1. List the chymotrypsin sites (Phe, Trp or Tyr not before Pro) within the range 24-84 that DSSP assigns to loop and that have no more than 14 neighbouring Cβ atoms inside 10 Å.
2. So what's the net charge close to Asp118: Lys and Arg +1, Asp and Glu -1, counting the other residues with Cβ under 11 Å from its Cβ?
3. Please rank Ser199, Ser49, fewest neighbouring Cβ atoms within 10 Å first, as an exposure proxy.
4. Output the 0 to 90 degree angle, nearest 10, between the alpha-carbon long axis of helix 14-29 and the longest principal axis computed from the alpha carbons of the chain.
5. Amide H of His209: which non-local residues (sequence gap of 5 or more, or other chain) have their own amide H closer than 5 Å, using H built in the peptide plane?
6. Can you tell me the dipole magnitude for the chain around its Cα centre, using point charges on the Cβ only (Lys, Arg +1; Asp, Glu -1), in Debye to the nearest 20?
7. Taking every pair of distinct Cα atoms and averaging 1/r, then inverting, what Kirkwood hydrodynamic radius in Å comes out for the range 49-201?
8. According to the square roots a ≥ b ≥ c of the eigenvalues of the Cα gyration tensor, what is the shape class of the range 115-229, taking rounded for a/c under 1.5, prolate for a/b larger than b/c otherwise, and oblate for the remainder?
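What follows is calculated from the coordinates using simple rules that are stated; it is not laboratory data. Given the structure is predicted, the values throughout are model-derived calculations rather than measurements. FYI the Cβ positions are ideal-geometry reconstructions off the backbone, even for glycines, and counts take in every protein chain you see.
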Amino acid sequence: MGFLVKSDKEVDTLADKQAILSELENGVKGLQQEVAVAAARKAVAAGVSPVEAIENGLARGIREVGEKFARKEMFVVELIYAATIMEEAIKILEPELKKSKEKRHAVGTVVLGTVAGDIHDIGKNLVRIMLEAGGFEVHDMGKDAATESFVSKSQEVGASLVGASSLMTTTVSVQKEIVDALRSAGVNAPVMVGGAAVSEEWAKEIGAHYSQDAGSAVETAKQLLGKGG
Ligand code: B1M
């Protein structure tokens with residue numbers, strides 16, 4: 001995993017950090033916004049790595065909500081509310097995420113988006129924040145982004161990397177459409193794919209590069225552009 005875990009020297013004990021991570025997780029899965037938001041503030045004050053707060057706290061909560069939703073133990077409105085809670089907590093952590101990495105110095109230009117038919121963008125937004133913090137210029141095409149917009153934006157800005165996120169088994173095939181459309185249009189920039197429905201094997205099959213999480217997305221992007229990683 002490519003988590004960028006900064007020193008937690010300000011966290012008094014491991015137990016304190018674990019308590020904060022549990023509150024973040026429980027706030028999301030228990031649909032208690034005030035708990036998640038308060039825990040996010042605690043995480044900032046205690047110097048917990050914002051990436052760890054998201055991945056080992058909030059994201060665990062939202063994934064559990066997703067599992068309950070799949071088992072029909074939660075309604076879609078609850079799924080939506082849990083996502084809103086996660087977004088509110090991320091807003092508090094976002095300035096720390098931006099601080100935690102290097103200054104921007106045009107490492108490369110990335111065109112990024114969530115594929116057509118898919119409105120999940122929490123993970124894609126984290127990837128954007130981390131890439132920006134890692135020095136990349138990112139053009140975010142948003143969610144449910146048309147394949148053609150990935151192509152035209154890449155041509156317009158001379159993308160050095162194209163990133164496509166997909167969370168659903170029903171929309172991963174659009175990543176292949178994007179690779180094919182880019183190549184047909186003569187855009188040869190490497191394509192990075194990720195999202196819960198994506199695997200390393202799938203990425204290889206479509207001629208793309210897989211990244212499991214937002215931290216490793218930055219490493220993968222740098223490796224692909226020959227900037228280390
Ligand atoms: Co939906 N949803 N959802 N959902 N949702 C899933 C994906 C699902 C697996 C839940 C389930 O049933 N278990 C399921 C898909 C099933 C399938 O595969 N076919 C599902 C469904 C069915 C749906 C709807 C159809 C529900 C409905 O309306 N009946 C609907 C979709 C409509 C559509 O898109 N057309 C829907 C809607 C929603 C909400 C709007 C309520 C909300 C999204 C809010 C938002 O994004 N703004 C939502 C949520 C929150 C989820 C789950 C629970 C969590 C997703 C998330 O935010 N994870 C999800 C279950 C799951 O993923 N296990 C689920 C946290 C986030 C930090 O992780 O997004 O994985 P993730 O991103 C990670 C990595 O994957 C990686 O880095 C990120 C950070 O580490 N990564 C990349 C992501 N993109 C990357 C790109 C890269 C590199 C790495 O390079 C370019």
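1. Phe75
2. 0
3. In increasing order of surrounding Cβ atoms, one gets Ser199, Ser49.
4. 70 degrees
5. Here the answer is Val191, Met192, Val193, since their amide H atoms fall under 5 Å of that of His209.
6. Charge dipole of the chain: 380 debye, to the nearest 20.
7. Kirkwood radius, the range 49-201: 16.3 Å.
8. Here the range 115-229 falls in the rounded category.
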